[in-house]
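Asks: The structure under discussion is supplied below as structure tokens; questions concerning it will follow.
The values are calculated or read from the model by the stated rules, or taken from the named source; none is laboratory data. Nothing here was measured: the structure is a model prediction, and the numbers come from that model. In this analysis, Cβ positions are derived from the backbone assuming ideal geometry, glycine residues included, and neighbour counts consider all displayed protein chains. Please note that ligands, DNA and RNA were not included when accessible areas were found on the heavy atoms of the full protein model with its side chains. Shrake-Rupley method; radii C 1.70, N 1.55, O 1.52, S 1.80 Å.
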Amino acid sequence: MPKVNRFWGRMVVGAAMVVGCGTENPAVEQSVATPAAPASPAPVVVTDSVPRSATFDVKGDWFLNQEGTRTKLTLVTDELGGPLQGTVSEEAAATPPVSIVDGAFEPLDGRLSFRARVGNVWRWYQLRVLDGIVAGRLADTAGDTAPADVTAWATRVTGWHDETFSRDIVPRVYDVVLDATSRAVLRLDRAAPGSSSFVGRLKIYGTAAGQYDERPEEDLAITSWDGSKLAFVRMASAERESFAGVAEGREISGTYLPAGSSSLRTWGGERVEILSHGLTARSAAFTQQWQVRTRARLAFLMMDGAPQPLTMTVTPQAYNYASPQFEALATRDDGDGLGPDSPTYHFGELTFDSTLPNRYGDTPLARHAHGLMSIPSTPPPPGGYPVVLALNGHSGSAGRLFEPNNALYWYGDSFARHNAVVIAVDMGHRPLEDRAALYTDPANDDPDWSNVNHPAIKAPGMTSDWEEDGERVWDALRGLDYALARPDVNPAQVTVVGLSMGGEVSDLVAALELRVGTAVSAGSPPDLAVMSVYYNHPCWKWARGDVREYYEPGDLHAMVAGRTLVRETGAADEVFSSLPTPFIGAKQVIRRAQPAFDTLGGRLVHYLHGDEHHFHIGALEPGEAQALGVSTPALDRPDAQNIWATDWQLDARTVVASPTVFNLMPQ
């Protein structure tokens with residue numbers, strides 16, 4: 001089989017680009033020198049920090065997603081240096097599986113390639129394998145020769161290895177349909193490490209037709225589960241339905257019987273959230289390993305392995321913007337000590353022009369980003385200024401974050417007035433040509449502050465191997481590289497903050513980037529299942545894969561365990577839910593993430609404030625005599641005396657856990 005070498009060029013697989021990069025910054029070239037410009041750090045050597053096996057066994061079933069077409073690949077031999085054998089078939093097609101030929105797996109660099117006769121064409125696959133995850137491309141030809149033109153490899157392929165993610169029978173997560181009426185997420189886990197008992201939860205989020213129909217999450221009584229056969233009872237349901245089912249591959253199906261009824265009903269669905277941390281605590285060693293492997297896998301899927309830039313030119317303007325006059329807002333509660341004579345800062349605009357490896361050619365890929373950075377007017381404290389990476393949401397920009405009267409994005413100005421170096425990088429959307437398959441609305445950014453649509457990271461003539469959120473994270477980390485290169489900052493005091501889409505990206509940055517010690521994520525998505533049927537903007541989705549197949553926000557939170565995460569939700573925020581108590585999804589997510597913090601330490605705070613879709617600090621407001629404080633739910637899990645109750649999720653009562661968000665940041 002002719003070999004297309006370009007697909008394997010400059011391949012960097014692993015997590016070191018994200019995991020463990022606390023001391024790794026790319027070389028920064030400054031095209032404009034200013035008194036405030038940071039020194040350039042030395043170039044670094046990126047290595048793979050995730051243990052890899054030269055004998056990874058690719059035998060077994062792989063579940064592939066070919067841009068919406070679900071395919072099952074079964075490999076039956078794995079002889080080093082010899083051809084692979086196996087079959088490939090489309091799950092929805094009635095045709096039998098077809099045999100693969102010219103199969104080869106190179107374990108040292110994770111290359112997997114083969115072809116198969118599909119109808120009247122040859123279908124060629126060139127894939128890369130990392131720790132049970134696969135990603136790559138396919139191409140169809142009429143002839144018996146692989147296409148030499150890389151643009152022919154138009155279809156992106158992602159997927160996972162069943163044997164890798166089924167070695168243990170938990171955790172398991174399924175997206176299921178109950179009796180053709182309701183959609184729900186079913187979660188299973190052990191009651192405790194090594195236990196023979198199991199726990200489960202069921203969250204109905206929509207109708208079978210895909211309409212929004214969210215309900216509280218129920219704890220289930222799991223009567224049996226052996227990795228194949230499952231039985232459970234919905235104890236919170238008035239009918240106490242008894243379920244039985246059988247799991248095979250990525251599917252599960254069965255029947256259930258409502259109490260008092262003699263008529264069986266059907267249920268079934270597909271496996272999701274394969275990277276799930278689970279519902280209960282594990283050992284510290286297991287949890288740390290899970291964090292490392294999950295970071296690497298997500299970087300592989302979302303960011304093409306998250307390569308460091310080959311080059312990065314940061315062009316700073318002179319830091320001659322004086323901080324605006326402080327203005328009090330109804331939504332701004334950081335006014336303790338702030339007023340006309342509040343601390344000042346100066347700030348300026350930055351542009352980031354980077355190049356990245358191109359696996360499809362010799363010309364590096366280009367990336368352009370825009371941001372602003374503020375510097376306090378006061379001298380740095382011992383150890384240096386804290387660093388805050390501030391991220392905007394929809395219709396915002398880095399510039400809006402420094403507007404003290406901006407109802408949504410004033411928090412950049414707030415942290416700047418509290419003696420931090422604030423680096424803000426524009427969060428935005430791709431142009432229509434790069435995201436039309438997901439959404440075609442204007443996707444408002446903020447051109448008045450130079451935040452315009454961001455072209456995807458892709459080779460000429462190709463679609464992107466990156467997802468939008470992956471590009472947003474990468475841009476944010478380049479800003480963090482630049483800020484941390486300053487000699488007057490404290491690398492041990494790094495916080496990421498954001499609201500809405502900025503909170504969404506903050507969740508990902510905190511999960512993937514170990515240099516971040518604290519995250520304050522406000523109004524970020526609490527439940528991706530609900531998001532899939534609610535009225536949210538779809539830019540959180542993956543363009544050429546299914547994000548829900550891999551993780552949910554609770555898993556991102558669990559990846560922050562050992563550090564500090566403050567998740568802010570409003571008591572009346574209906575952006576992600578139409579329930580009378582729309583914060584229940586966040587309560588559920590925090591409960592799922594808490595076991596990882598119980599194991600590894602750190603601090604997980606659910607800041608439930610009385611507002612809507614806004615960012616809060618909890619300090620004194622101007623003219624007020626008493627601070628609000630960081631309020632957290634008085635009930636954050638079922639009562640031990642009534643473990644099947646769901647009303648804890650609807651309880652809006654709070655207690656004050658900290659004077660302000662500032663008090664939760666590293667001092």
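Asks: Pairs only if they're at least six apart or on different chains, beta carbon under 6 angstrom, first in segment 461-472 and among the acidic types (D, E), second in a helix (DSSP H, G or I) and surrounded by fewer than 24 Cβ atoms within 10 Å (Cβ to Cβ); list them, first residue then second.
Replies: Final answer for the pair search is E468/C539.
Asks: Starting from segment 184-205, keep only residues that are touching a residue at least 24 places away in the same chain (Cβ under 8 Å) and more than 16 Å from H277 (Cα to Cα), then list their pairs with residues that are among the hydrophobic types (A, V, I, L, M, F, W, C) and open to solvent by 40 Å² or more (accessible area, probe 1.4 Å) whose Cβ atoms are within a distance under 7 Å, requiring at least 6 positions of separation or different chains.
Replies: S197/A191
Asks: Working only within segment 441-476, note down all residues that are farther than 21 Å from L301 by Cα and touching a Cys at 6+ places or on another chain (Cβ under 8 Å). Steps first, please.
Replies: Filtering segment 441-476 down to residues farther than 21 Å from L301 by Cα leaves 441-453.
Answer for segment 441-476, where residues must be farther than 21 Å from L301 by Cα and touching a Cys at 6+ places or on another chain (Cβ under 8 Å): just A443.
Asks: Something else: So V387 ticks every box in (1) in a strand (DSSP E or B); (2) out of contact with any strand residue (DSSP E or B) (no Cβ under 9 Å at 6 or more places or on another chain); (3) not acidic (D, E) but one. Which box is left unticked?
Replies: (2)
Asks: For segment 238-253, enumerate the residues that are out of contact with any Pro (no Cβ under 7 Å at 6 or more places or on another chain) and open to solvent by 20 Å² or more (accessible area, probe 1.4 Å).
Replies: Pass one, segment 238-253, residues out of contact with any Pro (no Cβ under 7 Å at 6 or more places or on another chain): 238, 240, 242-253.
Within segment 238-253, A238, R240, S242, A244, V246, E248, G249, E251, S253 qualify.
Asks: Exactly one condition in (1) out of contact with any Phe, Trp or Tyr (no Cβ under 6 Å at 6 or more places or on another chain); (2) outside any loop (DSSP other than H, G, I, E, B); (3) not hydroxyl-bearing (S, T, Y) is not met by N406; state its number.
Replies: Of (1) out of contact with any Phe, Trp or Tyr (no Cβ under 6 Å at 6 or more places or on another chain); (2) outside any loop (DSSP other than H, G, I, E, B); (3) not hydroxyl-bearing (S, T, Y), only one is false for N406: (2).
Asks: When segment 105-117 is examined, which residues are found to be touching a residue at least 40 places away in the same chain (Cβ under 8 Å) and either closer than 16 Å to D61 by Cα or not in a strand (DSSP E or B) (or both)?
Replies: Pass one, segment 105-117, residues touching a residue at least 40 places away in the same chain (Cβ under 8 Å): 105, 107-113, 115.
Listed by number, the residues that qualify are F105, P107, L108, D109, G110, L112, S113.
Residue-by-condition table, conditions (1) over 20 Å from the mean Cα position of the chain (by Cα); (2) hydrophobic (A, V, I, L, M, F, W, C); (3) more than 19 Å from E273 (Cα to Cα):
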| position | (1), (2), (3) |
| --- | --- |
| A543 | no, yes, no |
| D546 | no, no, no |
| E552 | no, no, no |
| D555 | no, no, no |
| A558 | no, yes, no |
| A561 | no, yes, no |
| P580 | yes, no, yes |
| H609 | yes, no, yes |
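Asks: Could we say that T155 is hydroxyl-bearing (S, T, Y), more than 23 Å from L275 (Cβ to Cβ) and touching an Asp or Glu at 6+ places or on another chain (Cβ under 9 Å) here?
Replies: Working: hydroxyl-bearing (S, T, Y): yes; more than 23 Å from L275 (Cβ to Cβ): yes; touching an Asp or Glu at 6+ places or on another chain (Cβ under 9 Å): yes.
For T155, the condition - hydroxyl-bearing (S, T, Y), more than 23 Å from L275 (Cβ to Cβ) and touching an Asp or Glu at 6+ places or on another chain (Cβ under 9 Å) - is met.
Asks: Any idea which of L138, L130 is open to solvent by less than 40 Å² (accessible area, probe 1.4 Å), under 19 Å from D61 (Cβ atoms), over 22 Å from the mean Cα position of the chain (by Cα) and among the aliphatic types (A, V, I, L, M)?
Replies: Details: L130 fails: over 22 Å from the mean Cα position of the chain (by Cα).
Matching residue, one of L138, L130: L138.
Asks: Quickly run through segment 619-644 and pick out the residues that are among the small types (G, A, S) and at pLDDT 95 or above. Before you say what the answer is, go through the steps one by one.
Replies: Of segment 619-644, the ones among the small types (G, A, S) are 619, 623, 625, 627, 629, 631, 634, 640.
Hits for segment 619-644 are S631, A634.
Asks: In segment 242-285, which residues are more than 22 Å from I133 (Cβ to Cβ) and either in contact with a helix residue (DSSP H, G or I) (Cβ under 7 Å, 6 or more places away or on another chain) or in contact (Cβ under 8 Å) with a residue 24 or more places away in the chain (or both)?
Replies: The answer is F243, G254, Y256, R265, T266, W267, G268, L279, T280, A281, S283, A284.
Asks: Moving on. Give me a count of the residues in segment 348-395 that are among the aromatic types (F, W, Y) and under 17 Å from R486 (Cα atoms).
Replies: So the answer is 2.
Asks: Now, a different point. Among the listed residues L608, L604, L635, L579, identify the single one that is under 28 Å from S532 (Cβ atoms) and open to solvent by 40 Å² or more (accessible area, probe 1.4 Å). Please lay out each step first, then the result.
Replies: Numbers: L608 fails: open to solvent by 40 Å² or more (accessible area, probe 1.4 Å); L604 fails: open to solvent by 40 Å² or more (accessible area, probe 1.4 Å); L579 fails: open to solvent by 40 Å² or more (accessible area, probe 1.4 Å).
Exactly one of L608, L604, L635, L579 is under 28 Å from S532 (Cβ atoms) and open to solvent by 40 Å² or more (accessible area, probe 1.4 Å), namely L635.
Asks: Before we move on, is S506 crowded, with 24+ Cβ neighbours inside 10 Å, more than 26 Å from P316 (Cβ to Cβ) and of a type outside the set (A, V, I, L, M)? I'd like the intermediate steps shown before the answer.
Replies: Values: crowded, with 24+ Cβ neighbours inside 10 Å: yes; more than 26 Å from P316 (Cβ to Cβ): no; of a type outside the set (A, V, I, L, M): yes.
No: the conditions fail for S506.
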